[in-house]
1. Applying the selection to the range 152-182, what residues are among the small types (Gly, Ala, Ser) and either free of Cβ contacts under 8 Å to residues at least 12 places away in the same chain or open to solvent by 30 Å² or more (accessible area, probe 1.4 Å) (or both)?
2. Tell me whether the range 13-26 contains one or more residues that are part of a helix (DSSP H, G or I), open to solvent by less than 30 Å² (accessible area, probe 1.4 Å), modelled with pLDDT under 95 and not hydroxyl-bearing (Ser, Thr, Tyr).
3. Could you check residue 378 against (1) of a type in the set (Gly, Ala, Ser); (2) over 22 Å from the mean Cα position of the chain (by Cα); (3) surrounded by fewer than 17 Cβ atoms within 10 Å (Cβ to Cβ) and say which number it fails?
4. Go through (1) in a strand (DSSP E or B); (2) open to solvent by less than 60 Å² (accessible area, probe 1.4 Å); (3) under 15 Å from residue 178 (Cα atoms); (4) not aromatic (Phe, Trp, Tyr) one by one and return the number of the condition residue 141 breaks.
5. Looking at this structure, is residue 36 hydrophobic (A, V, I, L, M, F, W, C) and either open to solvent by less than 40 Å² (accessible area, probe 1.4 Å) or touching a residue at least 40 places away in the same chain (Cβ under 8 Å) (or both)?
6. I'd like the residue in the range 154-171 that is farther than 18 Å from residue 198 by Cα and outside any strand (DSSP E or B) and, out of all such residues, is modelled with the highest pLDDT.
7. Quick one: count up the residues across the range 254-296 that are touching a residue at least 12 places away in the same chain (Cβ under 8 Å), out of contact with any Ser or Thr (no Cβ under 6 Å at 6 or more places or on another chain) and closer than 15 Å to residue 69 by Cα.
8. Name, by its number, the condition in (1) open to solvent by 30 Å² or more (accessible area, probe 1.4 Å); (2) not in a loop (DSSP other than H, G, I, E, B) that does not hold for residue 66.
Amino acid sequence: MTAPARVVTDRNAILAEIAAGSAEREREGRDPREAVALLRRSRLTALSLDTRSGGAGAGSVELFEFIIDLARADPIAAHILRAHYWFVEQIERLPVGPVRSRWSERIAAGAIVGNASSERGVAAGSRQYATQLVPDGDGWRLRGEKFYSTGTAFADYVTVLAIVPDALRSRLVKVVVPVDRDGVSVVDDWDGIGQHRTGTGSTLFDDVRVTSDDVLEFVELDESTPPAANDGPFLQLFLQALIAGILLSASDDAVALLSSRARTFEHAPSPEPRKDPILLERIGEIDAAAHVARDAVLSAARQVETANALARRGVIDVEQFAQASLAAARVKVHVDRIALPAAAAVFDVGGASSASRSRNLDRHWRNIRTITLHNPTSYKAVAIGDLRVNDTPLPGNGYF
């Protein structure tokens with residue numbers, strides 16, 4: 001077998017190329033397919049895969065730093081890879097063997113994996129699934145419908161959570177199937193005000209053939225630890241990394257806008273906009289919000305890295321994951337509160353012309369607003385308060 005290509009080192013050049021057309025793509029509603037393809041070719045999609053398998057061996061801190069930089073260049077492309085990078089983390093936790101080797105080789109070769117987890121009609125984070133994996137001869141048939149399948153429209157494979165019905169017990173199964181397999185339909189039906197070209201549509205499974213090679217994991221539903229209990233810190237902090245990157249991009253746009261502005265009001269405190277103390281104050285506030293958000297994400301990422309590093313050695317340390325969940329939750333409560341006002345403040349430094357559709361400055365606020373809605377900030381704050389006052393553990397699902 002040909003040795004997998006190594007991850008490239010010139011990330012700045014790749015990020016600059018992706019950033020060059022990002023705002024225009026977003027304004028025109030075009031998919032960032034070329035950006036995703038570039039990340040694939042450069043093997044940055046294998047950034048957190050271990051070096052023995054052809055990846056760069058990045059830990060959680062380095063990965064989140066890259067995600068922030070990628071979101072600064074193009075938050076749509078960065079969001080597309082959320083499920084993929086989590087899949088890589090799952091593979092890194094598997095014991096050495098054929099399953100781990102098979103998926104490591106595919107990732108090293110540039111394969112991208114999407115997700116199909118969310119079910120309509122059930123509470124978010126619950127363990128109820130309508131999608132079923134039904135025995136059929138020496139394999140199974142996958143039947144069901146998922147939505148919020150972010151990234152799947154750009155992926156080669158999709159991870160699916162389903163129930164294996166049984167008269168005596170029910171098991172949750174995680175299967176990974178090619179998106180071009182017969183019976184798999186990826187539907188572009190997501191119409192969000194922001195992050196709207198992330199492939200966050202529905203995925204349908206109509207009697208999809210599944211073999212033992214497609215099965216990643218079986219989980220008994222009567223186990224005390226919810227299947228998603230260790231997913232939350234990584235998945236939720238990833239969203240805050242996206243927001244931090246968007247804020248940095250908003251700060252860049254605010255600086256460029258004020259630097260290029262020649263006209264101001266007759267009654268402004270300075271005839272030169274770039275020396276107006278009120279406008280400079282706004283720049284400083286946006287800059288501070290962006291960099292504090294970045295530092296907060298990377299600080300929490302160190303806690304996530306500690307928990308994940310142990311999990312990669314086969315040790316699920318419940319306390320470490322609880323601390324990682326708390327760190328990620330705190331970042332969300334803080335960053336969500338400062339991000340929206342900061343993104344709106346970009347308009348304050350530009351005057352009426354900054355509202356021009358061609359400038360597309362509203363994309364920052366729209367994208368941040370959409371990301372914050374993945375789980376309510378108020379619920380996170382209440383959960384933190386309940387933990388601090390009443391010692392009530394944080395919920396054990398993928399939202400924490």
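1. Filtering the range 152-182 down to residues among the small types (Gly, Ala, Ser) leaves 153, 155, 162, 167, 170.
Within the range 152-182, 153, 167, 170 meet the criteria.
2. Within the range 13-26 (the criterion being part of a helix (DSSP H, G or I), open to solvent by less than 30 Å² (accessible area, probe 1.4 Å), modelled with pLDDT under 95 and not hydroxyl-bearing (Ser, Thr, Tyr)), the answer is yes, since at least one residue qualifies.
3. Residue 378 satisfies every listed condition except (2).
4. Going through the list (1) in a strand (DSSP E or B); (2) open to solvent by less than 60 Å² (accessible area, probe 1.4 Å); (3) under 15 Å from residue 178 (Cα atoms); (4) not aromatic (Phe, Trp, Tyr), residue 141 breaks only (2).
5. Details: hydrophobic (A, V, I, L, M, F, W, C): yes; either open to solvent by less than 40 Å² (accessible area, probe 1.4 Å) or touching a residue at least 40 places away in the same chain (Cβ under 8 Å) (or both): yes.
So residue 36 passes the test.
6. So, considering only residues that are farther than 18 Å from residue 198 by Cα and outside any strand (DSSP E or B), the one modelled with the highest pLDDT is 165.
7. 5
8. Evaluating residue 66 over (1) open to solvent by 30 Å² or more (accessible area, probe 1.4 Å); (2) not in a loop (DSSP other than H, G, I, E, B) leaves (1) as the failure.
The values are calculated or read from the model by the stated rules, or taken from the named source; none is laboratory data. The structure presented is a predicted model; accordingly, all values stated were derived computationally and were not measured. Glycine gets a Cβ as well: all are built from the backbone with ideal geometry, and neighbour counts include every protein chain shown. Surface areas here come from the heavy atoms of the whole protein model, side chains and all, with no ligands, DNA or RNA. Shrake-Rupley method; radii C 1.70, N 1.55, O 1.52, S 1.80 Å.
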